[in-house]
Every structure is written in C-alpha cells, then in structure tokens.
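Below you'll find the structure I mean.
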Amino acid sequence: MQLKTPKILSDALAGEIQKLTLPKSLYPFLDALHSKIKSAFPEGDPELISSGLPFKNLNKRMNVLRASVYDDSNIKKKFIPILEYLEIPVDDFYSDLFRLRCVPSFFQEREGSELVQYLHRDPWYANPQCQLNFWIPLSPVEEGSGFGIYTEYFDRPIPNNSDQFDYSHWLETGGFQANENPKLQEKIFPKPSQLPENSKIDSVYGSFGDVVIFSSHHLHGTQANTMDRSRFSLEIRFVLKEWIQNKLGPTNLDNLSHGTTLGEMTHIQNGQAIDENFIQNYVAEFARSQSILVP
C-alpha cells in the first residue's frame, strides 16, 4: 500500500523539526485568529494588556476566546488551504481542538507556573505515538521565549511518572487547558523524574506567518517568557488516518499512560471520528507492555 504522507510529515515523524513561512495568500486563517484575539482585549495591544492582567482575569478572557475558536466552524475551513499548500491530504487529516495559548511576560515568576513548564512527551498524556503538532505563533516570539525541544531524547528514554496518568481521570478533572474544576487539584502532570543530562535544547520561536511542525514524541516544554509582552500561539495536534490504520509512529520508549486521546480527534471537513476498531488496534500496538520500562 502506497502511503499518502508527504515528505515534510514523514521527516517530522522521524524526528526532524520543520519550520516554514507561509505566503501572505494564506494569511486569512492567521488574520481570523488575530482578529479574535484583538476582540478579547479591546483596551489596546493584546500582547501588552494580557501581560498586565491578574491571573484569574486573564484565564477568564482566554476561556471565552478559546471557546470562540472551538465554536467557529469557519476556522477549520480557513486552515484547509494551508494543508493543501503543504500537500497534506485533507481527506485523511484528523485533529483535536485548535488550542490558543497566551503565555504572559515573565509568567515563570507566578505561583503554579512550574506546571506549565514541565518537560514531557505528549504520549505521556495518552496522545498517540504518531501524533504531529503544528505550532503557529500569532505574535512575535523571541528565541528562548517559546518552547524547547530536547532532540537527543527522541530515541532515548527518560524516567517519568506517566504510569500515574489516566486519560479518563484527566477528563474528570477538566481536561486540557482547564483552570476551573472541583477536582483540579487531583490532576496528574507527567514529567521526568530527573532532568535531561548534557542535552542540547532546540529553542522553537518565530513570527506571525511562521509554522513549525514537530513530533509530539519529542521531549519538550514551555520556556520562560523573558519578553516584555505576552506571546500568543496556536497548537494543532493531528494524525493522518493512514498512520492509525498502518500502526505507524516512533517506538514507545517510556510511555506508561492509560487511555488515548484518539477518540477526540475528528476529520477536518466532516467532523467524523476515527473508527473505534482502528483506534483500539493502534493503541494495542504501542501498549504499555511493549514499551521499554524505565526504572
């Protein structure tokens, strides 16, 4: 069977970090998101206003802003031309929610910020081994103020507590990007039990119009924002259905999490989910019992 995977994605699956700049003809998608951000901060420059807001106030605005993205069917439609430009097969593209993030200036000095900065692989959070991520800056992000990838650990296990993560419990405590839930304090955030040793960090950064694609299997984490303003970005976690059918993905080195997020991924055009049989067969291929257990 001949796979549809374009080279830019097959290289990303193999661990390469892909960065490109979109032509301005594809800006309608970015402009639509930027317009929503501006409407959420009518007082002035969103990058400055958001950094000056109290934590709870900012969270409240971001919750409304994210919901406006989730509920806008035109957002995904405007993203399709970008997929076509990258020669990614639209009929095979499945993603979860398009997630907006705002990282305020010097957020790392606020209480609780360490939860955001924990190093992790997305599979520790029950994401599929073959998942790739789009990271799209919607405001300028300087080198060192975005997020870091420990590329040397793509093929190297690291001790972690992913065995304590259960996706069904994660949903009970609010899921991703939740900041209000009666069970919020019960959340388990997978992280390494030791820091990476003598490992080079690839800093991911960029400007409006840039797109980064990387494997979610990479060990990565949010870096401190040392800029004088917030950074806004969009994250899109996705798979191609053929990867699920053919059980593709990097070797499971150290993921012991329970459950899978695959059931949350839907087709970009018709909103349908991936067949449950495909999901279960895929999860079984990368089951905990087949992973390299790390003491």
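The values are calculated or read from the model by the stated rules, or taken from the named source; none is laboratory data. Keep in mind that what you see is a predicted model, and the values were worked out from it rather than measured. Glycine also receives a Cβ, built like all others from the backbone with ideal geometry; neighbour counts cover every protein chain displayed. What goes into the accessible areas is simple: the full protein's heavy atoms, side chains included, and nothing from ligands, DNA or RNA. Shrake-Rupley method; radii C 1.70, N 1.55, O 1.52, S 1.80 Å.
No solvent, one uniform scatterer per C-alpha: report log10 I(q)/I(0) for the range 1-103 via the Debye equation at q = 0.23 1/Å, two decimals.
Each listed q corresponds, in turn, to -1.26.
Oh, and also: With Cβ to Cβ distances under 13 Å as the rule, what net charge do the other residues near V211 carry (K, R +1; D, E -1)?
-1
For K4, which aspartates and glutamates qualify as cross-link partners when the Cα separation must be under 20 Å and same-chain residues fewer than eight apart are set aside?
Reachable aspartates and glutamates: E16, E84, E87, D91, D92, E242, D275.
What full-extension length gain, to one decimal in nm, is calculated for D72 and K24 as 0.36 nm per residue of separation minus the Cα-Cα distance?
Between D72 and K24, full extension yields an extra 15.1 nm.
DSSP loop trypsin sites (Lys or Arg not before Pro) in the range 183-291 with at most 13 other Cβ atoms within 10 Å of their Cβ, which ones?
When the trypsin sites (Lys or Arg not before Pro) of the range 183-291 are filtered for loop state and at most 13 Cβ neighbours within 10 Å, K183, K200 remain.
Hey, what's the per residue convex hull volume over the C-alpha atoms of the chain, in cubic angstrom?
In the chain, the Cα hull volume divided by residue count equals 131 Å³.
At a Cα cut-off below 13 Å, give the aspartates and glutamates reachable from K19, other chains included and same-chain residues fewer than 8 away excluded.
K19 reaches D11, D202, D210.
Quick one: accessible area per residue over the chain, 1.4 Å probe, rounded to a whole number of Å²?
On the way: 13530 Å² over 295 residues.
Spelled out: the 1.4 Å probe surface of the chain, per residue, equals 46 Å².
Volume per residue, Å³, of the convex hull around the alpha-carbon atoms of the range 37-167?
Measuring per residue, one finds 172 Å³ for the Cα hull of the range 37-167.
Let me ask you something else. Exposed loop sites here are GluC sites (Glu not before Pro) in DSSP loop states with at most 10 other C-beta atoms within 10 Å. What is the longest stretch of the chain lacking them? Please list the in-between numbers first.
Details: sites that count: E43, E111, E143, E180, E197.
The answer is 198-295.
Considering the convex hull of the alpha carbon atoms of the range 204-295, report its projected area averaged over all viewing directions, in nm², one decimal.
8.5 nm²
Would you compute, from DSSP H runs of 4+ residues alone, the mean residue ellipticity of the chain at 222 nm, taking -39500 (n - 2.57) per run and dividing by the full residue count, rounded to the nearest 500?
Mean residue ellipticity, 222 nm, calculated: -8000 deg cm²/dmol.
Another question, then. Expected output is a single nm value to one decimal: the length gained when fully extending between N161 and A284, i.e. 0.36 nm times separation in residues minus the C-alpha distance. What is it?
Stretched fully, the N161-A284 segment lengthens by 42.2 nm.
So which lysines can K60 reach, going by Cα to Cα under 28 Å and dropping same-chain residues fewer than 8 places off?
K36, K38, K76, K77, K78, K183, K187, K191
Round to the nearest 0.05 the FRET efficiency obtained for D31 and I8 when R0 = 25 Å and r is the Cβ-Cβ distance.
That pair, D31 with I8, gives E of 0.60.
For the chain, give the percent of accessible area contributed by carbon and sulfur heavy atoms, probe 1.4 Å, rounded to a whole number.
Answer for the chain: carbon and sulfur cover 49 percent of the accessible area.
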